[in-house]
Amino acid sequence: MNKQPPETQDERGRDTPIRVQGKPLYVGKIMYLTPEVVGTTHPGKDGNDPKSGESRDNTVGAGEGQEPIVYQPLPGDETLVDVEAIKEQAHQTYRRLAPSSWNEYDRTFDQFAEHSGLKNYTRKQLATGNLLKRLILNFMDTVPEYSKKTKNAHLPIHIRYGLKLAYPIDTKVDFPKFPRVRRGQTPDNDIVREWKTAMDTMKDPYDCLVWDGPAMYGLRPSHFNNLTWGDIQTDTQGKPKTIIAYGCDDTGKRFKSTSPIGLVLNPTIIAHLEAWRKLHPAPHPENPILPYRTVTGKIPDVKRRMTHEEHWRLWNRFKDTYKLPPLRAKDLRHFASSTGRIAGMSKPAMCLMMGHDPTANRADMQAHYDNVPMDQLLAEQQEKLPNGVIGVLDAPKITIIDGLPSDAIDIVRAYLDGRIGVMDVITKLDGIRLKSAKTHELLAQ
């Protein structure tokens with residue numbers, strides 16, 4: 001006999017059970033839905049929206065402009081699903097994720113399975129009507145705004161390749177616009193400056209380069225860790241000049257995106273690269289610039305790239321060694337994005353420097369990648385950020401004219417120290433100007 005979905009609490013945390021056809025539907029902490037339940041706020045929860053991607057028959061996963069995918073019965077459809085078996089099946093069928101990525105995807109699916117009580121349903125129940133969709137949407141209601149897009153990208157892998165059902169969410173309909181919310185805001189200048197001061201004292205060029213990628217260009221660790229010596233372009237004297245590299249393609253995976261990377265090398269990173277080349281056991285074009293290195297400084301395999309976890313451990317060792325405040329490489333990516341905009345860089349130039357996808361439409365992206373005005377965008381990067389992103393923290397050497405009012409001098413000093421922004425400077429100095437003009441007018445009378 002099949003186990004029926006237990007009674008549980010609704011998704012809004014209410015203790016009073018909701019009754020459908022005289023039967024209690026919600027009690028306790030975990031939410032369970034039956035196919036007869038009519039949804040609440042999301043488009044398509046009630047199954048009546050023609051664009052909802054749902055139907056009341058045995059077709060699932062048909063979004064706008066798509067053909068319905070007919071439910072295909074499998075052996076065991078009448079028994080309760082096994083969450084661990086679903087994950088194992090997904091791992092065996094979908095082989096395009098690294099182990100570190102699987103950890104994140106599995107964690108999301110575990111959260112969804114626990115919240116929805118997935119183990120209390122059969123595959124046939126999940127494929128009936130819009131039950132699976134409503135389970136997912138109610139789970140997404142509990143997800144923080146900054147994580148919704150990520151969770152919605154994780155879940156389809158286990159649904160499609162593990163549960164072998166079509167993913168019932170039509171993003172354009174159910175989530176027409178994901179919130180543009182960052183999990184971490186742009187870090188404070190003082191924190192970044194404190195890290196820069198400490199990193200400037202490092203002597204090991206390998207460690208310096210680990211810092212240079214995120215700090216100078218806002219690169220992901222996966223970007224800089226996957227660069228090879230062959231990506232470095234040199235000038236006529238043989239000195240490193242730029243780094244130009246391209247992302248993954250249909251045959252392999254290199255970066256997290258297919259976007260190209262173009263970096264103008266400043267004197268600091270050039271010195272680090274030249275120093276590390278002398279110490280690197282095999283700086284051949286096909287080998288990574290930053291191979292995995294043990295704590296004792298040994299490189300077991302010159303072809304083995306540093307993983308994200310190894311980069312994270314090394315980054316935390318910097319923090320602990322110099323007793324620095326928390327700062328992730330991802331935070332420096334936010335810092336680079338904000339700094340580049342303030343410096344006046346165009347969006348295409350920012351995309352090239354940070355490895356960002358410039359548009360949302362893949363056809364447009366591919367056209368952009370095939371026709372990147374590389375020289376033009378690199379020249380813009382050189383003009384706007386000649387010393388890299390982190391170089392903006394070096395206060396310009398200027399002489400403040402003593403003839404200025406003392407309060408105006410204080411405002412300029414506050415701006416150079418990073419204590420106030422551009423708009424504050426303009427507003428305050430304009431106030432001083434108007435006050436001074438009024439004083440001169442009164443004296444003239």
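A few remarks follow.
- Separation of alpha-carbon centers, the stretch 185-227 and the stretch 76-134, rounded to whole Å: 39 Å
- Net charge contributed by nearby residues that have their C-beta within less than 15 Å of Lys239 (K/R +1, D/E -1): +1
- FRET efficiency for Lys323 and Ser147, using Cβ-Cβ distance with R0 set to 35 Å, rounded to 0.05: 0.70
- Order of Met354, Met216 - criterion: other Cβ atoms within 10 Å of each residue's Cβ, fewest first: Met354, Met216
- The residues neighbouring Ala275, those whose beta-carbon lies less than 10 Å from its own, together hold a net charge of +1 under the Lys/Arg +1, Asp/Glu -1 convention.
- Checked against a 28 Å cut-off, the cross-linked pairs Lys239/Lys323; Lys148/Lys347; Lys148/Lys319; Lys241/Lys384 give Cα-Cα distances beyond that limit for Lys239/Lys323; Lys148/Lys319.
- With a Förster radius of 60 Å applied to the beta-carbon distance between Leu74 and Leu434, the computed FRET efficiency rounds to 0.20.
Each value in this text was obtained by applying a stated rule to the coordinates, not by laboratory testing. Values in this document were obtained by computation on a predicted structure and should not be read as measured data. A quick note on method: Cβ atoms are made from the backbone with ideal geometry, for glycine too, and the neighbour counts reach across all protein chains shown.
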